[in-house]
Amino acid sequence: MALTITDPTDVPNYGPSPLHSWSLKALYDPRDEVFIRLTLKATFVMAPILGLLLYRFQWWMVAVYLAAWVWLLPQVILMLHNTMHRPFIRRPRWLNKAHPYAMSALYGIPTGYMEHHVGMHHLENNLPPDLSSTMRYQRDNVFHFIHYFSRFLFLGVYEVPHYLAKKKSRGGMARRMLIAEFCHWGLVAVACSINLRAGLVGFLFPLVAVRFLMMMGNWGQHAFIHQEDPGNSLLNSITCINAGYNHKAFNDGYHIGHHVKSNRHWTEMPADFQANIDTYARAGCVVFHGLDFFLVSLLLFTKQHKVLARRYVRLDGVERTDDEVVVLLKTRLKPFATAPETAPMATA
């Protein structure tokens with residue numbers, strides 16, 4: 001099936017500059033200069049705003065803070081997502097280690113994001129040992145999502161390190177996550193002690209809100225699961241193509257391809273999808289156009305199955321009515337607690 005893909009397939013061309021020259025020497029992949037520039041923008045926009053909030057809180061500044069946070073947050077999260085799966089800064093090495101923690105402090109991103117995502121989620125591939133697995137939930141039931149999010153918010157700080165500590169070679173991950181998480185909460189406490197309103201708005205709010213958004217995104221990414229083969233990344237994940245979100249969030253919509261090969265560069269995702277479109281069609285992959293994972297989740301919460309059906313890409317070319325697609329989608333939303341005795345599909 002021939003599809004026209006409008007998602008980005010190249011990085012910006014910045015031209016000669018001292019920063020470009022530094023990036024060529026300092027980065028493992030020169031294409032990641034886009035992340036260096038994003039880091040500078042994210043830092044020099046958000047750090048002064050937070051500083052002003054702490055120094056002299058004014059309610060009008062909350063609107064400025066929220067506008068900047070909403071504008072930059074998706075890009076920053078997906079920058080961290082990409083750089084945790086691929087080598088990023090070659091030298092200085094301390095900068096590579098400090099980078100995710102600085103972004104976490106400024107935007108409220110969980111400091112244990114990498115340990116949760118790489119150390120558990122990709123390893124278990126949404127099967128029951130994955131503490132963020134969606135399998136046991138009815139994925140178009142908003143009350144099931146509330147339970148799912150609440151467990152992560154209140155128990156994740158214990159459950160994820162406990163999981164990591166039981167795995168060989170992941171004890172360091174568990175310790176690092178615990179220390180970083182307590183330091184993050186300590187930062188919130190210090191900010192609140194300096195200026196309570198600023199601490200609540202600029203540090204506690206994003207810490208909770210980002211966790212909510214991440215779990216809402218993961219819910220949409222793994223909402224449509226084939227019960228006969230839930231460990232198959234082709235059948236437990238979805239892909240969203242031709243979405244504005246992909247331009248802002250480094251092709252995050254290509255979630256099937258990401259689970260099949262987690263270290264694939266984001267610019268290569270559309271070409272990989274097109275090269276494997278026949279495989280996707282034969283497997284029965286769920287692909288939507290013009291949606292992102294958050295909209296998918298929202299449409300599920302509001303039972304808008306027909307809207308999803310209209311956005312469903314019929315990869316196999318079979319003419320299905322929207323009602324027939326709704327039936328198909330609903331079969332993959334049902335909860336089930338256990339998986340067949342099959343190993344999760346490995347990711348590179």
Given [x] 38, 25, 17; [y] 33, 24, 21; [z] 48, 20, 19, the label whose value is semi-axes √(5λ) of the Cα gyration tensor in Å derived from this model = [y]
query = Taking the Cα centre of each part, how many Å lie between the stretch 271-326 and the stretch 4-64?
reply = 33 Å
q = 0.14, 0.20 Å⁻¹, the stretch 50-152: log10 I(q)/I(0) [Debye, one scatterer per Cα] = -0.77, -1.11
request  = At most 11 other Cβ atoms within 10 Å plus a DSSP loop assignment makes a site exposed; report the longest stretch of the chain without any exposed GluC sites (Glu not before Pro).
outcome  = 1-227
inquiry  = Based on alpha-carbon centroids, what's the gap between the stretch 191-218 and the stretch 96-147 in Å, whole number please?
reply    = 16 Å
ask   = For the chain, modelled as a Gaussian network with Cα springs under 10 Å, which listed residue fluctuates most, VAL318, VAL188, VAL70?
value = VAL318
query = Mind checking which of TRP185, TRP94, TRP71 has the largest fluctuation in a GNM of the chain, springs on alpha carbons under 10 Å?
reply = TRP94
request  = Among ILE277, ILE225, ILE194, rank each residue by its count of other Cβ atoms within 10 Å, from fewest to most, as a rough exposure measure.
outcome  = ILE194, ILE277, ILE225
task = Would you calculate, for the chain, the mean residue ellipticity at 222 nm contributed by helices, counting each DSSP H stretch of 4 or more residues as -39,500 (n - 2.57) and dividing by all residues, to the nearest 500?
result = -18000 deg cm²/dmol
ask   = Each residue of the stretch 242-259 in turn: what ³J(HN,Hα) in whole Hz from Karplus with 6.51, -1.76, 1.60 and θ = phi - 60°, glycine and Pro shown as x?
value = 6, 10, x, 4, 5, 6, 8, 10, 6, 6, 4, x, 7, 6, 4, x, 5, 6
remark   = Ranked on Cβ counts within 10 Å of their own Cβ, fewest leading, HIS122, HIS222 go HIS122, HIS222
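Read-outs: derived from the displayed coordinates by stated rules, not from any lab. Just so it is clear, the model here is predicted, and its values are computed rather than measured. With ideal geometry, Cβ positions are generated from the backbone for all residues, glycine too; neighbour counts draw on all protein chains shown.
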